[in-house]
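Some notes on the structure that comes next.
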Amino acid sequence: MSTIEGEKRIAGAAIEKVLDTSVRPDPPGPLANVLTFAWRGLLKIKHMPEQMFDAVITPVMFTVMFTYLFGGALAGSTEAYLQFLLPGILVQTVMFATIYTGFTLNTDLGKGVYDRFRSLPVWRLSPIMGAMVADLQRHTISAIIVFLIGLIMGFRPETGLLGMILVILLLDVFALGFTWIFVTVGLVVRSSSSVMTMSWFFLMPITFGSNIFVDTATMPQWLQTAIAFNPVAHLTTAARGILDGTVDASQIGLALIAPAVLTVIFAPLSLYLYSRKG
Amino acid sequence: MSGAVRRCAVGQVGATIAGGLNQAVNIETNQSEGSCVEGVERTAYLGCFGERTQHAMTTSDQAVETHGLRKLYGGKPAVDGIDLMIPKGSIFGLLGPNGAGKTTTVRMLATLARPDGGEARVLGHDLVREAAALRRRIALTGQFASVDEDLSGQENLVLIGRLLGFSRKGARARAEELLEAFGIADAANKQAKSYSGGMRRRLDIASSLVTTPELLFLDEPTTGLDPRSRNQVWDIIRRLTAAGTTVLLTTQYLEEADQLADRIAVIDHGRMIAEGTSTELKASVGAGALHVRLAEPGRREAAQTILEKALGVTVEFDSEPRRLNAMVPDDASAGHALAALADAGIAVSDFSLGQPSLDEVFFALTGHHTETETPVAAEAVSKEAAQ
């Protein structure tokens with residue numbers, strides 16, 4: 001790593017000139033704090049665009065692989081399977097991406113910069129919520145790219161552009177609620193690699209044990225029963241419904257129960273854990 | 001006022017503050033030292049604030065005032081009853097080895113950790129109940145660079161500016177001013193992770209000054225820096241009080257506390273073992289430190305016997321085979337001792353009589369030396385501790 005030397009002589013007088021205890025703007029509200037921290041998250045994407053690569057390459061791989069390898073066998077034709085699979089892949093993409101919020105938070109907390117944030121007169125949860133809001137942008141970008149790949153491969157949503165926008169919004173709301181779990185994990189667990197491991201153990205069964213890849217009708221009864229309680233399955237059903245134009249309010253309602261419940265439980269828990277840290 | 005102050009019978013030591021750092025000062029310390037140590041158990045309130053200053057000081061003159069501050073980690077006390085009085089506008093040094101409780105003390109005072117016992121008022125605010133109000137008036141530069149290394153220097157400062165309520169434009173203008181003053185302007189748009197250690201530290205301190213705090217905490221501001229960068233940071237710290245800011249810095253470098261701090265508290269195992277000016281601390285051990293270097297190492301035992309007889313104190317061997325060290329009770333006896341060596345025909349290649357170093361003070365107070373790790377090793381250890 002190259003370093004830059006500050007060769008310039010520091011003038012003590014110049015430092016005294018920038019000191020002034022009387023300049024003290026009014027503190028902004030919590031929302032402004034959250035948005036400022038969200039801006040911080042976006043700057044990180046700007047400085048490290050390679051992290052978007054992760055968020056994009058996996059869903060693209062899954063879409064292409066599943067469609068062309070299993071599509072014919074599962075749905076009779078690759079075209080028909082893509083139509084079924086794509087909403088599910090979107091859900092999986094966003095679910096996997098939520099891990100990163102906990103992972104980044106855990107890495108961040110180990111650095112001195114969070115000590116500074118904690119010593120600032122800002123709303124306690126705003127650094128975390130700011131990161132969550134910034135990650136929504138990441139989720140949105142991933143979702144748009146998956147849609148683009150799908151459209152190129154021949155995916156055609158019945159409800160067109162409006163349907164796609166609504167699905168992205170639904171996914172973002174769901175992700176926001178779900179992320180609280182990983183924020184909590186990120187606050188509790190010691191190392192960021194164990195955040196990853198724990199999160200995968202949790203995410204793998206709930207994404208694959210759902211209706212993302214196949215219709216549940218072919219599964220054994222006990223599994224169907226379990227999946228009926230899987231929030232990821234409800235989200236997938238709602239996303240499919242929106243894109244097919246067959247959605248009803250109950251499907252959306254079912255999809256939103258989990259994020260609402262998770263927020264109510266894990267947001268206060270995160271706040272408690274965060275303020276106790278240090 | 002603190003009860004400890006009243007228990008100190010003699011305050012004359014304060015009168016010797018004028019003495020330079022490397023010249024021997026003859027003072028009546030024995031009496032005050034004795035009474036202080038007895039009165040306050042393990043804590044020696046060296047110098048114990050002169051009578052005059054004692055009356056002038058009221059609570060509002062103190063930036064920090066703690067009584068019996070405690071913090072437990074895993075049931076064990078990390079900070080075990082610390083009493084601090086830090087006058088406004090001064091630079092105060094917390095000196096101690098790794099794991100002494102310096103960082104924990106700072107974290108409590110900067111509202112990052114809740115005390116488990118004792119009382120603390122910082123800028124007149126109660127630490128726990130008025131934490132939010134206090135955060136508006138303090139700033140912290142943590143032990144490890146508290147800058148966001150993924151962002152550029154400019155973005156770091158704008159981020160803090162926006163969080164503190166500056167407009168977009170105001171935050172940018174303020175960032176530019178600070179980058180210029182701290183010599184970071186040329187690298188303003190580069191990611192902080194590409195900065196040298198010294199630049200990162202300067203950015204770190206600049207981040208603490210986006211609004212000028214009334215109290216600034218600097219936790220080991222020069223740990224891991226090369227000598228040139230360290231001097232730059234020292235230059236900066238000396239200037240910080242210009243606008244009335246009080247600075248509380250922690251350090252494990254004796255020289256650093258000596259160079260910067262108006263008053264120093266020595267911390268060991270979570271307890272304060274001494275408090276005073278650098279001069280007072282040094283004076284507490286004896287009038288001065290005599291270092292004698294012999295021409296022939298073989299005569300060291302003989303020299304020790306003669307010196308001990310002449311000085312009436314213990315004379316120790318230095319790790320260097322020709323050197324002997326002793327704390328002398330007064331200047332005159334040092335002269336006599338050297339004359340006695342000459343009379344015995346023991347050649348002295350050089351000698352010095354000066355105030356004891358803070359390491360010698362530390363040894364006298366605790367019975368063990370401060371850690372003399374290299375900065376790199378020290379950093380590695382404390383990073384481990386932070387995990």
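Take B:Ser152 and tell me if it is touching a strand residue (DSSP E or B) at 6+ places or on another chain (Cβ under 9 Å) and facing chain A (nearest Cβ under 7 Å). So B:Ser152 does not fit the description; no. Here B:Arg201 passes the criteria (1) touching a residue at least 40 places away in the same chain (Cβ under 8 Å); (2) buried (at least 23 other Cβ atoms within 10 Å of the Cβ); (3) at the interface with chain A (Cβ under 7 Å from one of its Cβ atoms); (4) of a type outside the set (A, V, I, L, M) except the one numbered (3). The residue that is nearest to B:Thr105 (Cα to Cα), counting only those in the stretch B:144-161 that are surrounded by fewer than 24 Cβ atoms within 10 Å (Cβ to Cβ) and not small (Gly, Ala, Ser), is B:Phe144.
Residues in the stretch B:219-256 that are more than 13 Å from chain A (Cβ to nearest Cβ) and of a type outside the set (A, V, I, L, M, F, W, C): B:Thr222, B:Pro227, B:Thr250, B:Thr251, B:Gln252, B:Tyr253, B:Glu255, B:Glu256.
Does B:Ala380 satisfy the condition of being modelled with pLDDT of 85 or more, on the phi < 0 side of the Ramachandran plot and either among the aliphatic types (A, V, I, L, M) or crowded, with 16+ Cβ neighbours inside 10 Å (or both)? Spelling it out, it is not the case that B:Ala380 is modelled with pLDDT of 85 or more, on the phi < 0 side of the Ramachandran plot and either among the aliphatic types (A, V, I, L, M) or crowded, with 16+ Cβ neighbours inside 10 Å (or both).
Screening B:Arg323 with (1) in contact with a His (Cβ under 7 Å, 6 or more places away or on another chain); (2) more than 24 Å from B:Ala364 (Cβ to Cβ) gives one miss only, at (2). Do we have any residue at all in the stretch B:314-321 that's in contact with a Phe, Trp or Tyr (Cβ under 9 Å, 6 or more places away or on another chain), closer than 30 Å to B:Asp268 by Cα and not in a helix (DSSP H, G or I)? No.
Residue by residue, here is whether (1) in a helix (DSSP H, G or I); (2) hydroxyl-bearing (Ser, Thr, Tyr); (3) in contact with a Lys or Arg (Cβ under 8 Å, 6 or more places away or on another chain) holds:
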residue: A:Thr184; (1), (2), (3): yes, yes, no
residue: A:Phe202; (1), (2), (3): yes, no, no
residue: A:Ile212; (1), (2), (3): no, no, no
residue: A:Val232; (1), (2), (3): yes, no, no
residue: A:Thr263; (1), (2), (3): yes, yes, no
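The residues on offer are A:Arg124, A:Arg156, and the sole one that is assigned to a loop (DSSP other than H, G, I, E, B) and within 22 Å of A:Thr263 (Cβ to Cβ) is A:Arg124.
Right, B:Gly335: in the same structural domain as B:Val266 (by TED's automatic domain parsing), under 17 Å from B:Gln355 (Cα atoms) and modelled with pLDDT of 85 or more or not? When the stated conditions are applied, B:Gly335 does not pass them. Filtered by the rule that a residue be over 20 Å from the mean Cα position of the chain (by Cα), among the charged types (D, E, K, R) and surrounded by fewer than 17 Cβ atoms within 10 Å (Cβ to Cβ), the stretch B:76-128 gives B:Lys76, B:Arg114, B:Asp116, B:Glu119, B:Asp126. Annotation: of all residues in the stretch A:37-83 being under 30 Å from B:Glu149 (Cα atoms) and among the polar types (S, T, N, Q), the one that is nearest to the other protein chains (Cβ to nearest Cβ) is A:Gln51. Scanning the stretch A:176-188 for residues that are more than 11 Å from the chain's Cα centre (by Cα) and under 22 Å from A:His47 (Cα atoms) turns up nothing. Scanning the stretch B:215-235 for residues that are among the charged types (D, E, K, R) and surrounded by 21 or more Cβ atoms within 10 Å (Cβ to Cβ) yields B:Asp219, B:Glu220, B:Arg230.
Residues checked against (1) touching a Ser or Thr at 6+ places or on another chain (Cβ under 8 Å); (2) under 28 Å from B:Leu203 (Cβ atoms); (3) without any contact (Cβ under 8 Å) to a residue 24 or more places away in the chain:
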residue: B:Lys102; (1), (2), (3): yes, yes, no
residue: B:Met108; (1), (2), (3): no, yes, no
residue: B:Thr111; (1), (2), (3): yes, yes, no
residue: B:Gly117; (1), (2), (3): no, no, no
residue: B:Arg121; (1), (2), (3): yes, no, no
residue: B:Arg135; (1), (2), (3): yes, yes, no
residue: B:Gln143; (1), (2), (3): yes, yes, no
residue: B:Asp148; (1), (2), (3): no, yes, no
residue: B:Gln154; (1), (2), (3): no, yes, no
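Taking the criterion of being exposed (fewer than 15 other Cβ atoms within 10 Å of the Cβ) and in a loop (DSSP other than H, G, I, E, B), the residues of the stretch A:26-35 that qualify are A:Asp26, A:Gly29.
Considering only the stretch B:167-176, state which residues are facing another protein chain (nearest Cβ under 10 Å) and either crowded, with 22+ Cβ neighbours inside 10 Å or closer than 12 Å to B:Leu203 by Cα (or both). Once the filter is applied, which keeps residues that are facing another protein chain (nearest Cβ under 10 Å) and either crowded, with 22+ Cβ neighbours inside 10 Å or closer than 12 Å to B:Leu203 by Cα (or both), the stretch B:167-176 yields B:Ala171, B:Arg174.
Just one of the listed residues (A:Thr107, A:Thr98) is polar (S, T, N, Q) and surrounded by fewer than 21 Cβ atoms within 10 Å (Cβ to Cβ), and it is A:Thr107.
For the stretch B:282-332, taking the residues that are over 13 Å from B:Gln355 (Cα atoms) and among the β-branched types (Val, Ile, Thr), the one that is surrounded by the most Cβ atoms within 10 Å (Cβ to Cβ) is identified as B:Val292.
The values are calculated or read from the model by the stated rules, or taken from the named source; none is laboratory data. A quick note: this is a predicted structure, and the numbers were derived from the prediction, not measured. Methodologically, a virtual Cβ is constructed for each residue, glycine included, from the backbone with ideal geometry; neighbour enumeration extends over all protein chains shown.
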